[in-house]
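Take a look at the structure below.
Just so you know, all these numbers are worked out from the coordinates, no wet-lab data involved. Computed from a predicted model, the values in this text were never measured in an experiment. No Cβ is skipped: glycine too gets one built from the backbone with ideal geometry, and neighbour counts run over all protein chains shown.
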Amino acid sequence: MDVLRILLDTDTAGDDAIAILMALRAKNAKLEALTINCGNVDFDQEVENALYTIELAGMSGKVPVYPGSRHPLLREWKTVEYIHGKDGMGNSFFPKARQRPERRHAVDAILETVNSNPGEITLVEIAPMTNIALALRKDPTIARKVKEFFFMGGTNQYLGNQTPAAEFNIWVDPEAAKIVLQSGMPTTMVGWEICMRYAVIGESEYREIDAMRTREAEFFVAVNRQVRKYHKKVRGVDATECPDSITMSIVLDRKIALKVFPKYVEVDNQSELSRGATVVDDLNVLGKKPNVNVVYEASSRLFRRALHNLLRGESLSAPAPHPPRR
Ligand code: BDR
Ligand code: CA
């Protein structure tokens, strides 16, 4: 069985933690390292959340965590504790993990890992793209050495979550996203709309998850507690979303992405109103060469199967990896 070697960049809060667990438990993947980017909550808290998640999975000391960019390239950084809780983990305030972060900077860890394993590393982004942009600036050759690059971020003809036009990860650091999307890496985008259409967990599913009574299920409920409260209050719905974990599920099992099309995608970093918007040239009006494989449809059923298996404490199945689509 081919094993996917994953390097995961995260701003660890609730759903990032579930995506990390998925990667740690997948039989067809090896999580080489986690790198941390500024995003959801206080930077050092994000680092602690990543370390705690590794410990929860019983993998303490086995996956290094490299702290990276503590600030976006140019923009002021605004965290979203009001969505994820003060600790980013639903106000669970988990104990400090035994494992400590590495001293090496995330950018150097990315360069070292990709350069010493050309064609081997699948880079996965579930956070703003500062670390990866800096790595590409420091050594642009890594663009042709990564096996593939997947990111959760942006929207394809859909409303954003941070502003009406933009999804959070891209909005935080639009300049970084621009650098990354223009780098030439074989890139796949899982936009916010994919999460909203196929990966929203509602009240009855929460009851099912509650009834599982596993540590994983309890962890899922706990880390999503504040997001759930936020949605009840702001949108009047009892539900939470799984943007990072549906992205990881697609990385681990391509069959979950039902329709993927190569498109030209550009990030707006010029206007204030649509800062961080991902403009997907669906009709190829601009006539530019596609730079991103955009996921247009995903299987809610297969995503749920992967998530529920994880939460029941079963290891993920090991589907055969598919070749890159471009
Ligand atoms: C993205 O922003 C973060 O809040 C989530 O972890 C996810 O990566 C969704 O917009
Ligand atoms: Ca994230």
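Values as computed for the structure displayed
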| item | result |
| --- | --- |
| Residue in segment 200-214 that is within 14 Å of ligand 1 (Cβ to nearest atom) and either farther than 29 Å from K30 by Cα or in contact (Cβ under 8 Å) with a residue 40 or more places away in the chain (or both) present | yes |
| Residues within segment 229-253 that are in contact (Cβ under 8 Å) with a residue 24 or more places away in the chain and either surrounded by fewer than 18 Cβ atoms within 10 Å (Cβ to Cβ) or in a helix (DSSP H, G or I) (or both), tallied | 14 |
| Hits in segment 14-41 - residues which are acidic (D, E) and within 14 Å of ligand 2 (Cβ to nearest atom) | D15, D16 |
| Selection within segment 43-70 - closer than 23 Å to Q226 by Cβ and in contact (Cβ under 8 Å) with a residue 40 or more places away in the chain | Q45, E46, V47, E48, N49, A50, L51, Y52, T53, I54, E55, L56 |
| Entirely in segment 1-88, the helices (runs of 4 or more DSSP H) that have 3 or more residues that are in contact with a strand residue (DSSP E or B) (Cβ under 8 Å, 6 or more places away or on another chain) and of a type outside the set (F, W, Y) | 14-25, 43-56 |
| Residues located in segment 160-172, provided they are touching a residue at least 12 places away in the same chain (Cβ under 8 Å) and either surrounded by 21 or more Cβ atoms within 10 Å (Cβ to Cβ) or away from ligand 2 (no atom under 16 Å from the Cβ) (or both) | G160, T163, A165, A166, E167, F168, N169, I170, W171, V172 |
| Options E175, E205, E193: the member that is under 16 Å from the mean Cα position of the chain (by Cα), surrounded by fewer than 24 Cβ atoms within 10 Å (Cβ to Cβ) and in a helix (DSSP H, G or I) | E193 |
| Options K62, K78: the member that is of a type outside the set (S, T, Y), within 14 Å of ligand 1 (Cβ to nearest atom) and over 16 Å from the mean Cα position of the chain (by Cα) | K78 |
| Matching entry among D253, D238 (being touching a Lys or Arg at 6+ places or on another chain (Cβ under 6 Å), more than 26 Å from P174 (Cα to Cα) and more than 16 Å from ligand 1 (Cβ to nearest atom)) | D238 |
